[in-house]
Amino acid sequence: MAHPPDDNEGSEIVLLRDRQPKAIERWFLQNADAVYTFVFYRVSRDEELATDVVQQTFTTALEKIDQYNPQRGTMLAWLTTLSRNCIRQALRQAGRFESTCDLWENVDRTLLAAYGKIATTPLPEHAVERAETAELVQMALSSIPGNYQQVLRQRYYQDRPVKEIACTCGLTEGAVKSLLYRARLAFKTAFRTLAESMHGQAAVHGRVR
């Protein structure tokens, strides 16, 4: 989902285009964890490969920073889009492209189609905190649009009140509540889609063995 850029974001982008070291550091720290989570599961939980992909993603992004258009989506969404090509290249080099990438591309296509059809009750808030589904939760979070990720993390992981999130995002409290509602619906869709996909994959592997 696109969002209007605020003055601070515009200033930061200018500094990134000028290759200002402090701006690059802020940019990396603000987005690295979310990008790593997105990449990590898509490279079969290979920490070393995920780290390499994230580094390549940010290197590529900095080279192409002039192409970033905040009117078309968030910075995180842009970074995860760039990371997909880096993931594909890394998986090909590791000889795991078909077995790993095909699964995630199918999941992502399913999610993309599902986001436009969300019309159910959101997943209960406490589900985000259940230990037994922690890994699936992280996978689901990494698969939803960047602005949804950010608002869910601020509300449920950082325990920030709606009013504070509104100030940070430059939105009204009503707009934040609406965004949280849509984010929880997207999360629920991603969570269920991933659960079904992982279950199907496990069943196939079981038959093979």
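Could you check, for the range 46-55, whether at least one of its residues is of a type in the set (A, V, I, L, M, F, W, C), modelled with pLDDT under 85 and crowded, with 18+ Cβ neighbours inside 10 Å? Before you say what the answer is, go through the steps one by one.
Initial filter on the range 46-55 (of a type in the set (A, V, I, L, M, F, W, C)): 49-50, 53-54.
Narrowing the set further to residues that are modelled with pLDDT under 85 leaves none.
Scanning the range 46-55 turns up no residue that is of a type in the set (A, V, I, L, M, F, W, C), modelled with pLDDT under 85 and crowded, with 18+ Cβ neighbours inside 10 Å.
Before we move on, is Lys188 without any contact (Cβ under 8 Å) to a residue 60 or more places away in the chain and of a type outside the set (Asp, Glu)? Please lay out each step first, then the result.
Details: without any contact (Cβ under 8 Å) to a residue 60 or more places away in the chain: no; of a type outside the set (Asp, Glu): yes.
Here the answer is no, as Lys188 does not meet what is asked.
Look at the range 30-67 and say how many of its residues are aliphatic (A, V, I, L, M) and under 15 Å from the mean Cα position of the chain (by Cα). Full working, then the answer.
First pass over the range 30-67, keeping only residues aliphatic (A, V, I, L, M): 32, 34-35, 39, 43, 49-50, 53-54, 61-62, 65.
Imposing the further condition that a residue be under 15 Å from the mean Cα position of the chain (by Cα) reduces the set to 32, 34-35, 39, 43, 50, 53-54.
Matching residues across the range 30-67 total 8.
Mind checking which residues of the range 15-63 are of a type in the set (Phe, Trp, Tyr) and under 21 Å from Ala140 (Cα atoms)? Write out each step before concluding.
Looking only at the range 15-63, we keep the residues that are of a type in the set (Phe, Trp, Tyr), and these are 27-28, 36, 38, 40-41, 58.
Matches in the range 15-63: Tyr36, Phe38, Phe40, Tyr41.
The values are calculated or read from the model by the stated rules, or taken from the named source; none is laboratory data. All figures in this text were calculated on a predicted structure; none of them were measured in a lab. Don't worry about glycine lacking a Cβ; one is built from the backbone with ideal geometry, like all the others, and counts go over all protein chains shown.
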